[in-house]
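Q: Let me begin by handing over the structure; questions about it come next.
The values are calculated or read from the model by the stated rules, or taken from the named source; none is laboratory data. This is a predicted model, so every value here is computed, not measured. Heads up, the Cβs are rebuilt from the backbone with ideal geometry, glycines too, and the neighbour counts pull from every protein chain shown. Accessible surface is based on the protein model in full, side chains and every heavy atom, while ligands, DNA and RNA are left aside. Shrake-Rupley method; radii C 1.70, N 1.55, O 1.52, S 1.80 Å.
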Amino acid sequence: MSRKYNFFAGPATLPLPVLEQMRDELVDYNGMGLSLIETSHRSKEYDQVHNEAIALIKELLAVPDNYKILFLGGGATLQFSMIPLNFLGEGKSCDFTLTGSWAKKAYGDSKIRGTVNVIFDGAEYNFTKVPDPSSLTITTDAAYLHITSNETIQGIEWRNFPDTGNVPLIADMSSDIMSRSLPIEKFGLIYAGAQKNLGPAGVTLVIIREDLLERCPDTLTAYLNYKTHVDKNSLYNTPPVFAIYAVKLVMEWVKGQGGLSAMTESAEKRSSLLYNTIEQSNGHYSCPVDELSRSKMNVVFRLRDENLEKKFIEEATKEGMIGLKGHRSVGGCRASMYNAMPVEGATTLADFMKKFAKNNS
Ligand code: PMP
């Protein structure tokens, strides 16, 4: 079997050894005579997987002890609701940076629950850059400041994070978590859908600072209250056991590769291969994103016209590189390269881009 280079934005490519281990363990997990996904989520076998996944995330991200790790359902999208339900409400306001499509979606849900101050509006720059964190004026009594650390569609990523004082910093890190080390202590809450850098779709990681739990109102129904999940170690209801098991395997793989420093190194190699190819293409390709905001996960680029983009995507697909079409809302091309994308995937794409430019100039 020849595996394709998969540049889809998510669900995305997973490490081959992880897929192979899941295949090997699927029918008979650890000599149990049944699969892990056929056993109770209260079994000692599952419990071990669950707690190991949590421990590995804590270790890899160096999460301080005053934070809790949660595995929730509903995707990152449910967090767009849970955050305002838990922290906004009558008479409260929050701050938002509108950096792109995902920030705007999260903003839409917060706005339903309270006043939202937009302290940076990327529309002014056509969503081609993130703000300089030191230029932000944060509202002193805001319930939180929400940022999107990597805009998967626009291909822009924060390099540094703002100091928010007493205002909890909340970040949607769905598309760049685990690709670099983070100053976790700067954040009140971090959330990320798993299906890019952590594992398959179906589970969402939440990292929450303990003191924020005091703010979660008892008027909320159980599932929507963060306290419920902290109290029950994310076992209040049946968790997405298969996805969490896969996350555990992916985290073991990340650790085996050398942890976050190794992830950062390959992300830099992959993304600079493509950005350099774009820059050196004599205008055949262009990247609309401001240089200081260029994402190391999602490289967006355009060709001369849409017909040529279509041809580029078709020919790349024939050569085994799939998922290069930009998001339907913005068009163009996008190469999403998360942790599990080998550097050779980026080299192969860069070589193809050069060849295509030569043949179509
Ligand atoms: N935030 C970001 C940055 C994303 O890229 C996505 C999905 N691509 C989401 C949120 C929504 O995630 P989900 O589909 O898991 O709800």
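Q: Every residue in region 93-121 that is open to solvent by 60 Å² or more (accessible area, probe 1.4 Å) and under 17 Å from the mean Cα position of the chain (by Cα), please.
A: Listed by number, the residues that qualify are Trp102, Lys104, Lys105.
Q: Yes or no: region 105-118 includes at least one residue that is closer than 30 Å to Ala262 by Cβ and in a strand (DSSP E or B).
A: no
Residue-by-condition table, conditions (1) of a type in the set (Gly, Ala, Ser); (2) not in a helix (DSSP H, G or I):
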{"residue": "Leu34", "(1), (2)": "no, yes"}
{"residue": "Val49", "(1), (2)": "no, no"}
{"residue": "Glu52", "(1), (2)": "no, no"}
{"residue": "Glu59", "(1), (2)": "no, no"}
{"residue": "Leu70", "(1), (2)": "no, yes"}
{"residue": "Thr77", "(1), (2)": "no, no"}
{"residue": "Ala103", "(1), (2)": "yes, no"}
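Q: May I pose another question? Mind telling me which of the residues Ile177, Ile138, Ile190 ends up being under 26 Å from Asp290 (Cβ atoms) and within 11 Å of the ligand (Cβ to nearest atom)?
A: Selected residue: Ile177, the only one of Ile177, Ile138, Ile190 that is under 26 Å from Asp290 (Cβ atoms) and within 11 Å of the ligand (Cβ to nearest atom).
Q: Being in contact with a strand residue (DSSP E or B) (Cβ under 7 Å, 6 or more places away or on another chain), outside the structural domain of Cys287 (by TED's automatic domain parsing), more than 16 Å from the ligand (Cβ to nearest atom) and of a type in the set (D, E, K, R) is the requirement here; does Asp95 meet it?
A: yes
Q: Count, please, the residues in region 193-228 that happen to be in a loop (DSSP other than H, G, I, E, B), more than 16 Å from the ligand (Cβ to nearest atom) and of a type outside the set (Asp, Glu).
A: Selection size over region 193-228: 6.
Q: To continue, here is another question. Do we have any residue at all in region 140-147 that's over 20 Å from Met173 (Cβ atoms) and open to solvent by 50 Å² or more (accessible area, probe 1.4 Å)?
A: Yes.
Q: Do we have Gly165 as more than 16 Å from the ligand (Cβ to nearest atom), out of contact with any Pro (no Cβ under 6 Å at 6 or more places or on another chain) and modelled with pLDDT under 95 here?
A: In short, no.
Q: Has region 31-46 got at least one residue that is of a type in the set (Phe, Trp, Tyr) and within 16 Å of the ligand (Cβ to nearest atom)?
A: Among the residues of region 31-46, not one is of a type in the set (Phe, Trp, Tyr) and within 16 Å of the ligand (Cβ to nearest atom), which makes the answer no.
Q: If we keep just the residues of region 53-76 that are surrounded by fewer than 16 Cβ atoms within 10 Å (Cβ to Cβ) and at negative phi, which is nearest to the ligand (Cβ to nearest atom)?
A: Filtering region 53-76 for residues that are surrounded by fewer than 16 Cβ atoms within 10 Å (Cβ to Cβ) and at negative phi, the one nearest to the ligand (Cβ to nearest atom) comes out as Gly73.
Q: Still on this structure, I have one more. Given the conditions (1) of a type outside the set (S, T, N, Q); (2) within 16 Å of the ligand (Cβ to nearest atom); (3) more than 21 Å from Asn298 (Cβ to Cβ), which single one is not true for Ala106?
A: (3)
Q: Would you mind finding the one in Gly165, Gly199 that is open to solvent by 30 Å² or more (accessible area, probe 1.4 Å) and either touching a Leu at 6+ places or on another chain (Cβ under 8 Å) or of a type in the set (Gly, Ala, Ser) (or both)?
A: Exactly one of Gly165, Gly199 is open to solvent by 30 Å² or more (accessible area, probe 1.4 Å) and either touching a Leu at 6+ places or on another chain (Cβ under 8 Å) or of a type in the set (Gly, Ala, Ser) (or both), namely Gly165.
Q: Name the single residue, out of those in region 312-343 being free of Cβ contacts under 8 Å to residues at least 60 places away in the same chain and surrounded by fewer than 15 Cβ atoms within 10 Å (Cβ to Cβ), that is farthest from Leu19 (Cα to Cα).
A: Here the residue is Gly331.
Q: Let me ask something else. Look through Glu90, Glu124 and report the one residue that is surrounded by fewer than 19 Cβ atoms within 10 Å (Cβ to Cβ) and under 24 Å from Thr219 (Cα atoms).
A: Working: Glu124 fails: under 24 Å from Thr219 (Cα atoms).
Only one candidate qualifies: Glu90.
Q: Right, here's the next one. Could you check region 144-163 and list, in sequence order, the residues that are among the aliphatic types (A, V, I, L, M), in contact (Cβ under 8 Å) with a residue 60 or more places away in the chain and over 13 Å from Lys104 (Cα atoms)?
A: Ile156 - this is the single residue of region 144-163 that is among the aliphatic types (A, V, I, L, M), in contact (Cβ under 8 Å) with a residue 60 or more places away in the chain and over 13 Å from Lys104 (Cα atoms).
Q: Let me ask something else about it. Is region 297-304 home to any residue that is surrounded by 19 or more Cβ atoms within 10 Å (Cβ to Cβ) and assigned to a helix (DSSP H, G or I)?
A: no
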